[in-house]
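A.B. asks: Below are the structure tokens for one structure; questions will follow.
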Amino acid sequence: MKRIGLAVTLLLCAAPASADLLGFSVGATVGGARVEYQGNDNTGVEYGINGAYHLNDIFSVHAGVVQGSADVDAPNQRAKNEIDYTAFPLTLRADLPLVIGSVYGKLGTNYYDYDVDQSGQPRESDDGWGFAGGAGVVFTMLPFIDLSLNYEYRDMGDVTNNSILFGISAGL
């Protein structure tokens, strides 16, 4: 009986000291977005939720949903194009671990849906698939809580999105 207890104790001590036992994490982001449309751009706001499955200490798969909006000048007019978008990014992320966090890069795709409203014009809508990518820095506050500062790029057809986001995530 003592041998079984000793074996269980040694196995528990040899396990990695990480709260990320199941390999899943969930998080939320908020920040500023630069939206480009018809040769003009302007800043807006973007927010989202995401989840990740960590394949190992370096690679993980991320999926989520983001929503944002911006008022972009219409070409040769005084009017503004009111752009609202939703995107569902799916990316593969590679982390370079540091002492208290990591730096990362990610590449993938996103399914997008946007609407453009302009006074006196019919509403323009589009949806489809586009490129998504990004990079960022992660600061690990506790073994299961991460803060991040991210840059994300999304190609959404006629709309291009560049975002600087602050995020928080928790590992399960």
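The values are calculated or read from the model by the stated rules, or taken from the named source; none is laboratory data. Keep in mind it's a predicted model, so treat the numbers as computed, not measured. Note that we place each Cβ from the backbone using ideal geometry, even for glycine, and neighbour counts take in every protein chain shown. Keep in mind that these areas ignore ligands, DNA and RNA; they rest on the heavy atoms of the full protein, side chains included. Shrake-Rupley method; radii C 1.70, N 1.55, O 1.52, S 1.80 Å.
A.B. asks: If the requirement is being assigned to a strand (DSSP E or B) and in contact with an Asp or Glu (Cβ under 8 Å, 6 or more places away or on another chain), which of these qualifies: 86, 43, 91?
C.D. replies: Unique residue meeting the criteria: 86.
A.B. asks: I've got another one for you. Can you tell me which residue in region 59-88 is farthest from residue 111 (Cα to Cα), limited to those that are more than 12 Å from the chain's Cα centre (by Cα) and aliphatic (A, V, I, L, M)?
C.D. replies: My answer is 79.
A.B. asks: Within region 51-75, can you find the residues that are within 23 Å of residue 33 (Cα to Cα) and either part of a loop (DSSP other than H, G, I, E, B) or of a type outside the set (A, V, I, L, M, F, W, C) (or both)?
C.D. replies: Across region 51-75, the qualifying residues are 51, 62, 64, 67, 68, 69, 71, 73, 74, 75.
A.B. asks: Any idea which of 160, 109 is among the hydroxyl-bearing types (Ser, Thr, Tyr), in contact (Cβ under 8 Å) with a residue 60 or more places away in the chain and within 15 Å of residue 87 (Cβ to Cβ)?
C.D. replies: 160
A.B. asks: Just wondering, is there one or more residues in region 97-109 that are more than 13 Å from the chain's Cα centre (by Cα), within 23 Å of residue 54 (Cβ to Cβ) and outside any strand (DSSP E or B)?
C.D. replies: Checked region 97-109: at least one residue is more than 13 Å from the chain's Cα centre (by Cα), within 23 Å of residue 54 (Cβ to Cβ) and outside any strand (DSSP E or B).
A.B. asks: Checking the structure you have, find out if any residue of region 112-127 is among the aliphatic types (A, V, I, L, M), surrounded by fewer than 20 Cβ atoms within 10 Å (Cβ to Cβ) and more than 20 Å from the chain's Cα centre (by Cα).
C.D. replies: Step one: filter region 112-127 for residues among the aliphatic types (A, V, I, L, M), giving 116.
Checking which are surrounded by fewer than 20 Cβ atoms within 10 Å (Cβ to Cβ) leaves us with none.
For region 112-127, residues among the aliphatic types (A, V, I, L, M), surrounded by fewer than 20 Cβ atoms within 10 Å (Cβ to Cβ) and more than 20 Å from the chain's Cα centre (by Cα): absent.
A.B. asks: Assigned to a loop (DSSP other than H, G, I, E, B) and either at pLDDT below 85 or basic (Lys, Arg) (or both): is that true of residue 78 in this structure?
C.D. replies: Yes.
A.B. asks: Moving to a separate point now. Considering 46, 36, which residue is modelled with pLDDT of 90 or more, open to solvent by 50 Å² or more (accessible area, probe 1.4 Å) and either of a type in the set (Asp, Glu) or more than 20 Å from residue 140 (Cα to Cα) (or both)?
C.D. replies: 36
A.B. asks: Do the conditions hold for residue 146, that is, is it in a strand (DSSP E or B) and either in contact with an Asp or Glu (Cβ under 8 Å, 6 or more places away or on another chain) or closer than 30 Å to residue 75 by Cβ (or both)? Before the answer, list the steps.
C.D. replies: Details: in a strand (DSSP E or B): yes; either in contact with an Asp or Glu (Cβ under 8 Å, 6 or more places away or on another chain) or closer than 30 Å to residue 75 by Cβ (or both): no.
No, not satisfied.
A.B. asks: Report, ordered by the first and then the second residue, all pairs with beta carbons closer than 6 Å, sequence separation of six or more or different chains, a first member in region 71-93 that is buried (at least 21 other Cβ atoms within 10 Å of the Cβ), and a second member that is charged (D, E, K, R).
C.D. replies: If the second residue must be charged (D, E, K, R), the pairs left are 87/154; 91/106; 93/106.
A.B. asks: Among the residues of region 143-172, which ones are open to solvent by 20 Å² or more (accessible area, probe 1.4 Å) and over 18 Å from residue 96 (Cα atoms)?
C.D. replies: Within region 143-172, 153, 155, 157, 158, 160, 162, 164, 166, 168, 170, 172 qualify.
A.B. asks: Give region 128-142 a look and list any residue that's more than 17 Å from residue 91 (Cβ to Cβ) and surrounded by 15 or more Cβ atoms within 10 Å (Cβ to Cβ), or say none.
C.D. replies: Residue satisfying the conditions is 140 alone.
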